[in-house]
Amino acid sequence: MPFKRSSQATLLKSVVAMPGRQLGLAEKKFVEDAPSDVAPDWSVDLDGVCDYEASLILLPEGGDDELGPSFLIRRESYGFRLDQLHWDEMHEVGTYSALADVISAVQGRLAFGAVFNCAASSARH
C-alpha cells in the first residue's frame with residue numbers, strides 16, 4: 001500500500017536566510033537626515049576596516065560627552081544593533097529589524113536627554 005502525504009506537507013516551502021546588505025553610504029545618508037530635528041549639530045561617520053564590519057557612529061558636536069551620548073549602529077544577521085557610549089561606558093540599547101526603528105530609538109533617547117541637558121533658568125528672584 002503506497003503512502004500518501006497530507007496536503008499540508010506538500011505546501012511547505014524551504015526558507016533560506018539571506019545575509020542582509022552591509023552598512024554603506026545610503027544608510028549613512030539616511031541616518032544623517034533622520035535625527036536632524038532633535039540634534040542638528042550631530043555628525044554621522046561610516047567606520048570599518050572592511051564592509052562586513054562597517055558601523056555607523058552618531059556623535060554629538062566635537063564628540064563632547066557633555067552634549068550627550070554617542071551611538072553605534074552595526075548590522076547583525078537578524079537586523080541592526082544599537083549601542084550607546086557615554087562617559088566611556090558602552091550599553092546595548094537593543095536590536096531592531098529596520099534602520100528606521102533604530103533611528104526612532106535614537107530620536108527618543110536624544111529627546112529624553114534634551115530635557116535633562118537644558119540650560120538652567122537665568123531668571124533672578
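Every number in this text was worked out from the coordinates using simple rules, so none of it is lab data. These numbers were taken from a predicted model, which means no experiment stands behind them. Heads up, the Cβs are rebuilt from the backbone with ideal geometry, glycines too, and the neighbour counts pull from every protein chain shown.
Please give the length that would be gained between D88 and E66 if that part of the chain were fully extended, namely 0.36 nm times their separation in residues minus their C-alpha to C-alpha distance (nm, one decimal).
6.7 nm
Using alpha-carbon pairs under 8 Å, 6+ residues apart, how would you state the relative contact order of the range 21-115 in percent?
20
Which of L67, L82 has the fewest other C-beta atoms within 10 Å, and how do the rest follow up to the most?
Final ranking by Cβ density, sparse to dense: L67, L82.
Sorted by average packing, counted as other Cβ atoms within 10 angstrom per residue and highest first, what order do 69-76, 85-92 take?
By packing density, highest mean first, the sequence is 69-76, 85-92.
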